[in-house]
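Everything on this sheet refers to the single structure shown next.
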Amino acid sequence: MGTTDGDNPDLAARVATIRSNFVAGLPGRIEQLERSWRAVREHADAEACRSLMQTAHTLAGSGTTFGFAEISALAQVINGVVRGVLEHNEPLTSDRVAEIEAALAGLRRQVDALSV
C-alpha cells in the first residue's frame with residue numbers, strides 16, 4: 001500500500017517547501033514570459049519566441065504539478081499559440097496576439113492574487 005503525505009511528515013514538509021518555492025518564483029517566471037513576448041512583438045525575435053514557448057510549457061506543467069490549474073491553463077494557451085506559429089508556420093494574427101496578451105494578463109492576475 002502506498003503512503004500519503006500525511007503518513008510521512010518529512011515528505012509533506014518537503015513538498016510544501018517545493019510548492020512554496022514555486023509560488024515565490026512565479027513573479028520572475030511571469031516577467032520572463034512578458035520580456036520574451038515584448039521581444040517577439042518588437043523584433044519578431046525567433047529565439048524569444050522559442051523562449052516564450054519553453055517557459056510557458058514548463059509553467060503549464062509545474063502549475064499542474066503544484067495544483068494551480070488556472071495558471072497551467074493560461075500557460076497552455078501561450079504555449080499552444082506560439083507552438084503553432086513556430087512549428088506549423090501559422091501566422092501571428094491579431095486574434096492570436098490577443099489570446100497571448102489575455103493569457104499573460106490572466107497569469108499576472110493569478111500571481112498577484114497569490115502575493116496578497
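The values are calculated or read from the model by the stated rules, or taken from the named source; none is laboratory data. These numbers were taken from a predicted model, which means no experiment stands behind them. Because the Cβ atoms are built from the backbone with ideal geometry, glycine has one as well, and the counts that use them run over all protein chains shown.
Of note:
- Filtering segment 62-76 to residues that are surrounded by 14 or more Cβ atoms within 10 Å (Cβ to Cβ) and part of a helix (DSSP H, G or I) leaves Ser62, Gly63, Thr64, Ile71, Ser72, Ala73, Leu74, Ala75, Gln76.
- Among the candidates Glu90, Glu31, Glu99, residue that is exposed (fewer than 14 other Cβ atoms within 10 Å of the Cβ), in a helix (DSSP H, G or I) and either out of contact with any Phe, Trp or Tyr (no Cβ under 6 Å at 6 or more places or on another chain) or not acidic (Asp, Glu) (or both): Glu31
- Of the residues screened, Val40 is not one that is more than 8 Å from the chain's Cα centre (by Cα), surrounded by 18 or more Cβ atoms within 10 Å (Cβ to Cβ), of a type in the set (Val, Ile, Thr) and under 30 Å from Val15 (Cβ atoms).
- Test result for Leu104, hydrophobic (A, V, I, L, M, F, W, C), farther than 27 Å from Ala12 by Cα and modelled with pLDDT of 95 or more: yes
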